[in-house]
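**Q** First the structure, then my questions, so here it is.
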Amino acid sequence: MSGDSAKQVTFKVQRYDPEKDSAPHFQEFTVPTSRGMTVLDGLLYIKENLESSLTFRSSCRMSICGSCAMFINNYPRLACHTQIEELQADRLTIQPLPNLPIIKDLVPDLNPMFSNHKAIKPYLIRHDTAEMESPGAEYAQLPEELNDYLQFSYCVKCGICVAACPTSASDTLFLGPQALAQCYHYCADSRDEGEAERFPLVDTDHGVWHCHFAGACSEACPKGLDPALAIQLLKRRLTSQALRLRKKQQPSPLVLPPTESKPEIAYPEFSAGEGT
Amino acid sequence: MRRTYLWFFQLVTGALIAVLLGIHIVVQHFDAILVFFGVDAAQSTSWAAMTARASQGIWVFIYIALLAVGLYHGINGLRNIILEVTRSTRAERAVTWAMIVIGIIFFAGGTYVPVALLTG
């Protein structure tokens, strides 16, 4: 990186402090960039060298936590997962995620999304409450049953799908692709018995039926999830249940944990000169 | 559950529109194609041909069915779009009832002529 000549890129960053500003405005910064530098690196450079009051969220810097989701050049992306070079622009416009209230500068208020997520009961619901209260065994699940929902378990709750969704833009009461995809995730889990509790929550005018299948959520998701697919599958589940086309499936049975403990693998010993 | 049925009927009426509107388009506008296939449907848009069809129960049924499924599909779709910008349950209820009333008025108006022609 040291051998690369620094290219100057202008960061046009939306600023908004609710205690001082009546409306959001833009502030421009010139940032020296190099190959491999991410938008988050650029924002950190601004915060460390140019404007310490610039506010944004970030944590893992490796697109795992989903904290640094923002609107970069009019598209929702993770700042740590977006290299400045790939945008092929001398000017970057950085704004907070749309469709969510702004707390300050580039920090959106994710509470509406988390409230919707919480509302769909994103956890395993079983009728065997005694086992749920004090687990003594494991729920069996086949690999193909796991594949039914595995991709949806990779959601990092960054809010990018909500920001990309045209329905979330027009309907503030819409549950949003994140919550609906997670509803499908738990309903599709063979260990779960919570459909009867979750379906009334999503079978509403502002629930699953308001998805127009634009597919913007799936296109924007930085983790490669397909929330639009989950929503269509959820519609199919609701319809087949209403028309009584589905066979009642028994939830995964309990299996006792292994009686014999696995043999311990010897921890390798390293000596000081080894491997050099 | 009610909304699931509303959506399911939206799908069903969409499929029915494709079939019923297809029949209408072929008979009314693609009569040359019918002639090519050996079906004499010449002058299908003439007054005599249309009144002759209107006196047959099957055609009256097809047109009333097309009107019904078209109205349901269109009005339910419009309702869904309007509900995207409504903010209260009261407003949603008002929109739903307005759509039902509009649908009934259009259906009554649309069925009056074919039923009158059929019954003489």
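**Q** Out of everything in the stretch A:149-172 that is in contact with a Lys or Arg (Cβ under 8 Å, 6 or more places away or on another chain) and surrounded by fewer than 18 Cβ atoms within 10 Å (Cβ to Cβ), what residue ends up being modelled with the lowest pLDDT?
**A** Filtering first and then ranking leaves A:THR172.
**Q** Select from the stretch A:86-116 the residues that are of a type in the set (S, T, N, Q), on the phi > 0 side of the Ramachandran plot and in contact (Cβ under 8 Å) with a residue 12 or more places away in the chain and list them in ascending order.
**A** Within the stretch A:86-116, the first condition is being of a type in the set (S, T, N, Q), and the residues that meet it are A:88, A:93, A:95, A:99, A:111, A:115-116.
So of that shortlist, the ones also on the phi > 0 side of the Ramachandran plot come out as A:88, A:99.
Of everything in the stretch A:86-116, just one residue is of a type in the set (S, T, N, Q), on the phi > 0 side of the Ramachandran plot and in contact (Cβ under 8 Å) with a residue 12 or more places away in the chain, namely A:ASN99.
**Q** Okay, moving on. Under the condition of being in contact with a helix residue (DSSP H, G or I) (Cβ under 9 Å, 6 or more places away or on another chain) and surrounded by 15 or more Cβ atoms within 10 Å (Cβ to Cβ), which residue from the stretch B:25-49 is nearest to A:HIS206 (Cα to Cα)?
**A** Filtering the stretch B:25-49 for residues that are in contact with a helix residue (DSSP H, G or I) (Cβ under 9 Å, 6 or more places away or on another chain) and surrounded by 15 or more Cβ atoms within 10 Å (Cβ to Cβ), the one nearest to A:HIS206 (Cα to Cα) comes out as B:VAL26.
**Q** Considering B:ALA94, B:ALA54, which residue is exposed (fewer than 15 other Cβ atoms within 10 Å of the Cβ) and more than 26 Å from B:VAL12 (Cβ to Cβ)?
**A** Numbers: B:ALA54 fails: exposed (fewer than 15 other Cβ atoms within 10 Å of the Cβ).
The match here is B:ALA94.
**Q** Does the stretch A:163-172 include one or more residues that are in contact with a Cys (Cβ under 8 Å, 6 or more places away or on another chain) and more than 14 Å from chain B (Cβ to nearest Cβ)? Lay out the reasoning, then the answer.
**A** Residues of the stretch A:163-172 that are in contact with a Cys (Cβ under 8 Å, 6 or more places away or on another chain), as a first pass: A:164-165, A:167.
Filter once more, so that each one left must be more than 14 Å from chain B (Cβ to nearest Cβ): A:164.
Yes, the stretch A:163-172 has at least one match.
**Q** When the residues of the stretch A:197-210 are filtered to those that are within 18 Å of A:MET113 (Cβ to Cβ) and either in contact with a Leu (Cβ under 7 Å, 6 or more places away or on another chain) or more than 14 Å from chain B (Cβ to nearest Cβ) (or both), which remaining residue is modelled with the lowest pLDDT?
**A** Going through the stretch A:197-210, the residues within 18 Å of A:MET113 (Cβ to Cβ) turn out to be A:198, A:201-202, A:204, A:206-208, A:210.
Applying the additional criterion that residues be either in contact with a Leu (Cβ under 7 Å, 6 or more places away or on another chain) or more than 14 Å from chain B (Cβ to nearest Cβ) (or both) yields A:202, A:206-208.
Details: A:VAL202: 96, A:HIS206: 89, A:GLY207: 93, A:VAL208: 95.
By that ranking, first place goes to A:HIS206.
**Q** When A:LEU87 is evaluated against the numbered criteria (1) touching a Ser or Thr at 6+ places or on another chain (Cβ under 8 Å); (2) crowded, with 16+ Cβ neighbours inside 10 Å, which criterion, by number, is the only one it fails?
**A** (1) is the only condition that A:LEU87 fails.
**Q** Would you please name the residue that is nearest to the other protein chains (Cβ to nearest Cβ), looking only at residues in the stretch B:1-56 that are touching a residue at least 40 places away in the same chain (Cβ under 8 Å), closer than 24 Å to A:LEU234 by Cα and not aliphatic (A, V, I, L, M)?
**A** Residue satisfying both the conditions and the ranking: B:GLN10.
**Q** Let me ask you something else. Being within 14 Å of another protein chain (Cβ to nearest Cβ) and either touching a helix residue (DSSP H, G or I) at 6+ places or on another chain (Cβ under 9 Å) or not in a helix (DSSP H, G or I) (or both) is the filter here; which residues of the stretch A:234-259 pass it?
**A** Scanning the stretch A:234-259 gives A:LEU234, A:LYS235, A:ARG237, A:LEU238, A:THR239, A:GLN241, A:ALA242, A:LEU243, A:ARG244, A:LEU245, A:ARG246.
**Q** I'm trying to understand the selection: among the residues of the stretch A:30-53, which are part of a loop (DSSP other than H, G, I, E, B), within 24 Å of the chain's Cα centre (by Cα) and not small (Gly, Ala, Ser)?
**A** A:MET37
**Q** Then there is this: Taking the criterion of being buried (at least 16 other Cβ atoms within 10 Å of the Cβ), over 24 Å from the mean Cα position of the chain (by Cα) and without any contact (Cβ under 8 Å) to a residue 40 or more places away in the chain, would at least one residue in the stretch A:11-29 satisfy it?
**A** Yes, the stretch A:11-29 contains a residue that is buried (at least 16 other Cβ atoms within 10 Å of the Cβ), over 24 Å from the mean Cα position of the chain (by Cα) and without any contact (Cβ under 8 Å) to a residue 40 or more places away in the chain.
**Q** If you don't mind, another one. I'd like to know if the stretch A:114-122 contains one or more residues that are under 22 Å from A:ARG61 (Cβ atoms), within 16 Å of the chain's Cα centre (by Cα) and not small (Gly, Ala, Ser). Quick ask: steps written out before the conclusion?
**A** As a first pass, look at the stretch A:114-122 and keep what is under 22 Å from A:ARG61 (Cβ atoms): none.
No, the stretch A:114-122 contains no residue that is under 22 Å from A:ARG61 (Cβ atoms), within 16 Å of the chain's Cα centre (by Cα) and not small (Gly, Ala, Ser).
**Q** Which pairs do you get when a residue that is within 16 Å of A:PHE174 (Cβ to Cβ) and facing another protein chain (nearest Cβ under 10 Å), found in the stretch B:69-98, comes within reach of a residue that is acidic (Asp, Glu) and surrounded by fewer than 18 Cβ atoms within 10 Å (Cβ to Cβ), reach meaning Cβ atoms under 6 angstrom, with the pair 6+ apart or on two chains?
**A** Cβ pairs passing all conditions: B:LEU83/B:GLU92; B:THR86/B:GLU92.
**Q** Same structure, new question: Could you list, in sequence order, all residues of the stretch A:117-171 that are assigned to a helix (DSSP H, G or I), touching a helix residue (DSSP H, G or I) at 6+ places or on another chain (Cβ under 7 Å), free of Cβ contacts under 8 Å to residues at least 60 places away in the same chain and over 19 Å from A:TRP209 (Cβ atoms)?
**A** Start the filter on the stretch A:117-171 by keeping residues that are assigned to a helix (DSSP H, G or I), which leaves A:117-119, A:129-133, A:143-147, A:150-154, A:160-164, A:166-170.
Imposing the further condition that a residue be touching a helix residue (DSSP H, G or I) at 6+ places or on another chain (Cβ under 7 Å) reduces the set to A:117, A:119, A:152-153, A:160-162, A:164, A:166-168.
Next, only the ones that are free of Cβ contacts under 8 Å to residues at least 60 places away in the same chain stay: A:153, A:166-167.
Scanning the stretch A:117-171 gives a single hit, A:SER153.
**Q** Okay, moving on. Consider the stretch A:211-220. How many of its residues are part of a loop (DSSP other than H, G, I, E, B) and away from chain B (no Cβ under 14 Å)? Explain how you work it out, then say what you get.
**A** Within the stretch A:211-220, the first condition is being part of a loop (DSSP other than H, G, I, E, B), and the residues that meet it are A:211-215.
This time we only want the ones that are away from chain B (no Cβ under 14 Å), so: A:215.
Counting residues in the stretch A:211-220 that are part of a loop (DSSP other than H, G, I, E, B) and away from chain B (no Cβ under 14 Å) gives 1.
The values are calculated or read from the model by the stated rules, or taken from the named source; none is laboratory data. Values in this document were obtained by computation on a predicted structure and should not be read as measured data. Heads up, the Cβs are rebuilt from the backbone with ideal geometry, glycines too, and the neighbour counts pull from every protein chain shown.
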